[in-house]
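Encoded as structure tokens, the structure appears first; notes follow it.
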Amino acid sequence: MVSLYGTEIASRLLLGTARYPSPAILEEAVRRSATGIVTVSLRREMAGVKKDGDRNRGGAFFEMIRALGVRVLPNTAGCHSVEEAVLTAKMAREVFSTDWIKLEVIGHHDSLQPDVFALVEAARILIAEGFQVFPYTTEDLVVGEKLLAAGCKVLMPWCAPIGSAMGPVNPAALRAYRAAFPEVPLIVDAGIGRPSHATAVMELGYDAVLLNTAVSGAGDPAAMAEAFGQAIAAGRMAYLADPLSPRDMAVPSTPVIGKAVFDLPPDLPASTGRAVA
Amino acid sequence: MRILVKGAGVGGLAAAFALHRAGHQVTVCEKAADFSAAASWLAGGMLAPYCERESAPERVLADGLGAADWWAQAVPGSVTRAGTLVVAPARDEGELERFARRTRGFEWLDAEGVAALEPALAGRFRRGLFFREEAHLDPRRTLLALRDRLVAEGAVIRFGMEVGEAGLSPASHDCVVDCTGAAARGRLPGLRAVRGEMLMLETPEVTLSRPVRLLHPRHPLYVVPRAGGRFMVGATMIESETQGLVSARSVMELLNAAYALHPAFGEAHLAETGAGLRPAFADNLPAITGEGGQFQINGFYRHGFLLAPSIAEALAARLAKTPAPATLAPETSGPEKLGHFLQGEVA
């Protein structure tokens with residue numbers, strides 16, 4: 001179980017809800033992935049929703065999201081400024097009755113890189129207002145420290161640009177990030193393309209993975225969701241099982257003590273002593 | 001039978017025509033004063049079952065294959081059979097591969113092939129997909145012409161009238177078919193609206209002979225040529241139930257994509273913008289619900305002109321208590337579709 005702001009979550013997959021072929025397929029993907037948390041974008045889906053009503057529940061799509069029976073993590077996707085992100089977070093709190101917010105402040109329209117300066121500022125404002133902030137950030141350690149200083153209890157570094165499907169492009173940085181924040185729940189957010197990418201970051205000790213396009217854009221989103229659920233569980237189990245570190249030399253898996261292997265001339269084919277992983 | 005059809009969008013008029021042709025006495029009642037409230041008034045009018053298959057289930061392809069023939073019969077001269085061209089900007093060419101993997105009915109084109117098909121796009125795209133069997137129509141001309149034909153052949157169509165007004169009482173009809181689209185939300189369980197926004201550009205500088213789709217990971221777009229140098233550019237897909245005006249961001253995205261297709265669109269006149277609500281069920285597939293003398297046809301999503309014919313014929317077949325015509329037989333449409341159609345029917 002991973003604990004996020006005091007809430008114990010069984011699944012280590014956080015699934016985005018955008019761009020599925022249909023809500024029915026989204027629902028099937030959520031079910032087969034066994035995810036416990038879905039993220040929802042308010043930025044565009046909120047277009048035109050009344051701000052005056054005290055019973056602001058959004059439209060039928062949000063009703064469907066609520067009916068999924070999993071926790072909702074609203075996000076500020078598409079926000080380009082502190083003000084926009086703060087406003088969107090407040091609308092999200094109203095619509096989904098949650099203090100959770102995935103905070104995303106985009107700095108560059110084309111690359112969708114987070115604006116980490118605005119991110120820290122928006123996090124500070126929202127935490128002062130009682131929000132529990134899940135910041136979408138880069139793998140920069142100093143930014144991570146500043147987010148923690150602002151009051152974030154979870155960090156969500158990318159592993160590659162949003163929607164790029166490249167997988168972890170800088171594993172060394174992700175490893176350093178994990179080492180720098182051993183006690184903080186870390187969720188890799190953005191850039192995952194395949195289940196093997198998710199397994200790889202889970203093996204590094206990350207607590208969870210957040211993804212959307214890798215599932216919604218797949219030919220069979222529901223099957224891909226299930227594959228990700230298994231891949232993430234496998235990566236976590238592997239991490240806990242303390243995997244081997246790579247080494248330069250072959251290591252025999254069969255004990256060689258007591259065998260004549262050390263006396264064999266080097267040109268003889270050795271039936272023992274092979275490096276079998 | 002005397003049948004009252006509520007709603008004069010593409011679903012209502014197609015149903016009215018199928019029922020009229022089956023020998024029923026049909027009255028269409030539309031609350032709005034004209035067609036402009038119908039989502040289909042803002043439609044692209046692409047009869048593109050293969051392209052839609054990229055993101056839609058097989059049923060959309062199977063049921064949509066007969067649409068071009070149906071419209072050509074219902075409204076002679078309305079259908080242009082020139083196929084669909086799908087292209088992608090150089091840096092997104094991977095999108096073409098993905099699109100191709102998920103459907104069929106196309107041939108690959110190189111740059112010369114694209115230029116031969118659409119000379120206006122010569123030199124702009126290295127590769128393309130050509131869906132030769134697809135067609136398109138002008139939704140507005142088609143709806144107006146179908147209305148005229150129905151009236152000429154003795155059906156009654158009333159605009160600006162509520163059911164219950166002058167002679168439009170359900171009690172004086174044997175059957176009522178509700179085709180009111182997104183307005184049926186709240187009455188039809190599971191029906192939601194998906195907002196769509198479109199533009200109409202007008203320029204003499206670009207000539208296209210067929211719908212062109214520009215693939216883009218974030219802002220896919222289609223451009224459908226219309227008469228008079230007009231181009232329908234669409235369409236956003238937003239999970240919002242607000243009709244309202246087109247947003248500045250959507251206009252920006254649609255124009256950017258149109259400009260990427262051809263820079264001359266940057267000099268075009270912005271003749272019209274529109275925002276409408278597509279009615280959709282959770283699976284984004286249309287359905288006939290109801291029984292006895294009360295039916296509902298709804299949930300066409302982005303497939304009004306493509307799927308209204310098969311739904312209309314299926315309804316006519318049900319009311320006639322005879323099997324559907326051969327083109328709609330189970331072997332071409334699959335059990336999934338029949339199961340869907342028969343929702344709510346008493347055995």
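The values are calculated or read from the model by the stated rules, or taken from the named source; none is laboratory data. Note that this is a predicted model, so its numbers are computed, not measured. All Cβ positions, glycine included, derive from the backbone under ideal geometry; neighbour counts span all protein chains shown.
Filter the range A:176-197 for residues that are outside any strand (DSSP E or B) and either crowded, with 16+ Cβ neighbours inside 10 Å or in contact with a strand residue (DSSP E or B) (Cβ under 8 Å, 6 or more places away or on another chain) (or both) and give the result. Listed by number, the residues that qualify are A:Y177, A:R178, A:F181, A:V184, A:P185, A:A190, A:G191, A:I192, A:G193, A:R194, A:P195, A:H197. Taken as a whole, the condition of being on the phi > 0 side of the Ramachandran plot and either modelled with pLDDT of 95 or more or touching a strand residue (DSSP E or B) at 6+ places or on another chain (Cβ under 9 Å) (or both) applies to B:G229. Is it fair to say B:H136 is in contact with a strand residue (DSSP E or B) (Cβ under 9 Å, 6 or more places away or on another chain) and at pLDDT below 95? Criteria not met by B:H136. Could you tell me whether B:L208 is under 30 Å from A:I65 (Cα atoms) and either without any contact (Cβ under 8 Å) to a residue 12 or more places away in the chain or buried (at least 17 other Cβ atoms within 10 Å of the Cβ) (or both)? So B:L208 does not fit the description; no.
Does any residue in the range B:43-67 that is in contact (Cβ under 8 Å) with a residue 60 or more places away in the chain come within less than 6 Å, Cβ to Cβ, of a residue that is part of a loop (DSSP other than H, G, I, E, B) and among the hydrophobic types (A, V, I, L, M, F, W, C) six or more places away or on a different chain, and which pairs are these? That search, which allows pairs on different chains as well, returns B:P49/B:L65. Applying the set (1) at pLDDT below 95; (2) within 14 Å of chain B (Cβ to nearest Cβ); (3) surrounded by fewer than 23 Cβ atoms within 10 Å (Cβ to Cβ) to A:E28 leaves exactly one unmet item: (1). The set of residues in the range A:198-234 that are over 17 Å from A:N75 (Cβ atoms), crowded, with 24+ Cβ neighbours inside 10 Å and in contact with a Pro (Cβ under 6 Å, 6 or more places away or on another chain) comprises A:V201, A:F228. Within the range B:233-249, the residues that satisfy the criterion of being assigned to a loop (DSSP other than H, G, I, E, B) and at the interface with chain A (Cβ under 7 Å from one of its Cβ atoms) are B:E239, B:S240, B:E241, B:T242, B:G244, B:S247.
Determine, yes or no, whether A:M202 is at pLDDT 95 or above, over 16 Å from the mean Cα position of the chain (by Cα) and part of a helix (DSSP H, G or I). Here the answer is no, as A:M202 does not meet what is asked.
Listed by position, the helices (runs of 4 or more DSSP H) enclosed by the range B:11-108 that each have at least 1 residues that are of a type in the set (K, R) and under 20 Å from the mean Cα position of the chain (by Cα) are B:49-53, B:58-64. Every condition in (1) within 14 Å of another protein chain (Cβ to nearest Cβ); (2) surrounded by 21 or more Cβ atoms within 10 Å (Cβ to Cβ) holds for B:E134 except the one numbered (1).
Of the residues making up the range B:13-36, those that are small (G, A, S) and out of contact with any Asp or Glu (no Cβ under 8 Å at 6 or more places or on another chain) are B:A14, B:A15, B:A16, B:A22, B:G23, B:A32, B:A33, B:S36. Considering the range A:68-90, and only residues there that are in a loop (DSSP other than H, G, I, E, B), of a type outside the set (A, V, I, L, M) and touching a helix residue (DSSP H, G or I) at 6+ places or on another chain (Cβ under 8 Å), the residue that is nearest to A:I37 (Cα to Cα) turns out to be A:T76. Among the residues of the range A:220-261, which ones are part of a loop (DSSP other than H, G, I, E, B), among the small types (G, A, S) and at pLDDT below 95? The answer is A:S245, A:A250, A:S253, A:G258. Within the range A:98-110, one or more residues are modelled with pLDDT of 90 or more, in contact with a His (Cβ under 7 Å, 6 or more places away or on another chain) and within 14 Å of chain B (Cβ to nearest Cβ). Here B:H136 passes the criteria (1) more than 27 Å from B:E205 (Cβ to Cβ); (2) in contact with a Pro (Cβ under 6 Å, 6 or more places away or on another chain) except the one numbered (1).
Condition check ((1) under 18 Å from A:G78 (Cβ atoms); (2) hydroxyl-bearing (S, T, Y); (3) in contact with a Gly (Cβ under 9 Å, 6 or more places away or on another chain)) across all residues:
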residue: B:H216; (1), (2), (3): yes, no, no
residue: B:L254; (1), (2), (3): yes, no, yes
residue: B:A258; (1), (2), (3): no, no, yes
residue: B:L270; (1), (2), (3): no, no, no
residue: B:A280; (1), (2), (3): no, no, yes
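For B:T84, indicate whether it is buried (at least 23 other Cβ atoms within 10 Å of the Cβ) and of a type in the set (S, T, Y). Yes, satisfied. Taken together, B:E272, B:E267 contain a single residue that is over 25 Å from A:T213 (Cβ atoms), away from chain A (no Cβ under 14 Å) and either among the basic types (K, R) or out of contact with any Ser or Thr (no Cβ under 7 Å at 6 or more places or on another chain) (or both), which is B:E272. Scanning the range A:130-169 for residues that are within 19 Å of A:L4 (Cα to Cα), without any contact (Cβ under 8 Å) to a residue 40 or more places away in the chain and surrounded by fewer than 18 Cβ atoms within 10 Å (Cβ to Cβ) yields A:G130, A:E145, A:L148, A:A149, A:G151. Within the range B:8-31, residues that are in contact (Cβ under 8 Å) with a residue 60 or more places away in the chain have Cβ atoms under 7 Å from residues that are among the hydroxyl-bearing types (S, T, Y) in these pairs: B:G9/B:S40; B:V10/B:S40, counting only partners at least 6 apart in sequence or on another chain.
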